[in-house]
Amino acid sequence: MKRWIFAAVLVIGLAFPGAALANRYLGPFVPEQNNDGVEINVKQLNCAPHNVTHFSWHNVPVGTCSDSEIFFKKMRVRHHKFHGSGHPGEAGSHQSPPNPNVTVTIHGKFRHHNKKIRGTLRLKGNFQGGCIGADSGPLTYHARRLG
């Protein structure tokens, strides 16, 4: 009986390797406005955060406009910290194509035994809705791990 249980666990682990090693964090900006927030996917290695693989934000106030996009560039976690900058979107993607008019800067730090992330997000550029040369300034976010 023990062999069957071990075999079943092994098959499930091999079938879905990324699911067992990834975490998702969700949270708002501080102070929260217009239901804004972030979603962060983190890949783990040896039960510790290794890479931030996906960083998305929604309803972020930028001047008189708001922005919702996804940053796909991988950010390496070192000493419980990560940072990255660039243009949101993904090359070759039809759902979220690259946006060369916007530049994002992200900083974050894992806290409380990797259960929470605190950091800042800054958006600069030309946004839909007529916001040209807008700058969000550094916006603080707090995110918690799901599950």
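The values are calculated or read from the model by the stated rules, or taken from the named source; none is laboratory data. All values reported here derive from a predicted model rather than from experimental measurement. Reconstructed Cβ throughout: ideal geometry from the backbone, glycine too, with neighbour counts over all protein chains shown. The area values use the complete protein model at the heavy-atom level, side chains included, leaving out ligands, DNA and RNA. Shrake-Rupley method; radii C 1.70, N 1.55, O 1.52, S 1.80 Å.
Here are a few things to note about the model shown:
- In this structure, Ile117 does satisfy being of a type in the set (Val, Ile, Thr), in contact (Cβ under 8 Å) with a residue 60 or more places away in the chain and either in a strand (DSSP E or B) or closer than 17 Å to Ser136 by Cα (or both).
- Taken over the stretch 86-124, residues that are among the small types (Gly, Ala, Ser) and open to solvent by 60 Å² or more (accessible area, probe 1.4 Å) amount to 2.
- Selected residue (criterion: nearest to Arg111 (Cα to Cα)) from residues of the stretch 74-100 that are among the charged types (D, E, K, R) and touching a residue at least 24 places away in the same chain (Cβ under 8 Å): Lys81
- Selection within the stretch 43-72: residues that are in a strand (DSSP E or B) and hydroxyl-bearing (Ser, Thr, Tyr). The member of this set that is surrounded by the fewest Cβ atoms within 10 Å (Cβ to Cβ) is Ser68.
- Filtered residue count, the stretch 65-104, keeping only those that are touching a Lys or Arg at 6+ places or on another chain (Cβ under 8 Å) and within 18 Å of Ile117 (Cβ to Cβ): 5
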